[in-house]
Amino acid sequence: VSDIDGNVYKTFKILDNWWMAENLRTTRYRNGDEIPNITNGADWANHVDGAWVNYGNNPDNDNLYGKLYNWHAGDDPRGLCPEGWSVPSNQEWNRLVNAVGGNSRGFRMKSTRSDPDPQPRWTSPNVGATNESGFTGYPGGSMGFTGRFSNLGNYGFWWSSSPSALENTADYYYLFHNDGNIVRTYSDLRTAFSVRCVMD
């Protein structure tokens, strides 16, 4: 599948669902409107619409790990994902997690690359990684709403489209280099995480 910028993504099928096997890299919504690239932490903290950033503001990380987006980008009605695709809800994430054997089988979703493999790679030890699912989860790290980057190589974080119970937060899922689980928790909507898309 390709996005509006022409980036082409590998996909995989699990049960009846098609997923991207790579993190999203688009700079535009589906209708062609630009998504702001905000590189200043103070500006990011005060921005309440969709935005993206490269980890460390380094374009090389975009090529390796994809872009990081705030939750608002995925919730925008103009569409962050390609036509016919969307940011997965908790229900869709749960179907994926159950298909790989449950939360304790997150290692089946991790790319098998680790130090000293060429990037993109997980920090060693990349516990249990088999990528049996085809998800090919990479550790793209995150950026907090104050503009602080963290956890490249150690964690992969992916937004859910589902808001959480707390105001101004939403759920996300993560994998960790030193653990075999896939975990759901929540974060501030301004946090920047990776995004995967699932076919509608």
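Cβ-Cβ below 7 Å, separation at least six or inter-chain, first residue in the range 92-118 and within 19 Å of residue 196 (Cβ to Cβ), second open to solvent by less than 10 Å² (accessible area, probe 1.4 Å) and assigned to a helix (DSSP H, G or I): which pairs?
Pairs found: 100/109; 103/97.
Which pairs turn up if I take residues in the range 183-200 that are closer than 15 Å to residue 66 by Cβ and look for partners that are acidic (Asp, Glu) and open to solvent by 20 Å² or more (accessible area, probe 1.4 Å) with beta carbon separation below 9 Å, at least 6 apart in sequence or on another chain?
196/22
Within the set of pairs 6+ apart or on separate chains, which have a first residue in the range 120-133 that is on the phi > 0 side of the Ramachandran plot and without any contact (Cβ under 8 Å) to a residue 12 or more places away in the chain, a second that is crowded, with 16+ Cβ neighbours inside 10 Å and in a loop (DSSP other than H, G, I, E, B), and C-beta atoms under 9 Å apart?
As it stands, the answer is none, since no pair meets every condition given.
From the set of residues in the range 55-79 that are farther than 23 Å from residue 109 by Cα and not in a helix (DSSP H, G or I), which is least open to solvent (accessible area, probe 1.4 Å)?
79
Residue 147 fails exactly one of the following numbered conditions: (1) modelled with pLDDT under 95; (2) of a type outside the set (A, V, I, L, M); (3) out of contact with any helix residue (DSSP H, G or I) (no Cβ under 9 Å at 6 or more places or on another chain). What is the number of that condition?
(3)
The values are calculated or read from the model by the stated rules, or taken from the named source; none is laboratory data. None of these values were measured; they are calculated from a predicted model. Reconstructed Cβ throughout: ideal geometry from the backbone, glycine too, with neighbour counts over all protein chains shown. Note: accessible area is taken over every heavy atom of the protein model, side chains too, but ligands, DNA and RNA are not part of it. Shrake-Rupley method; radii C 1.70, N 1.55, O 1.52, S 1.80 Å.
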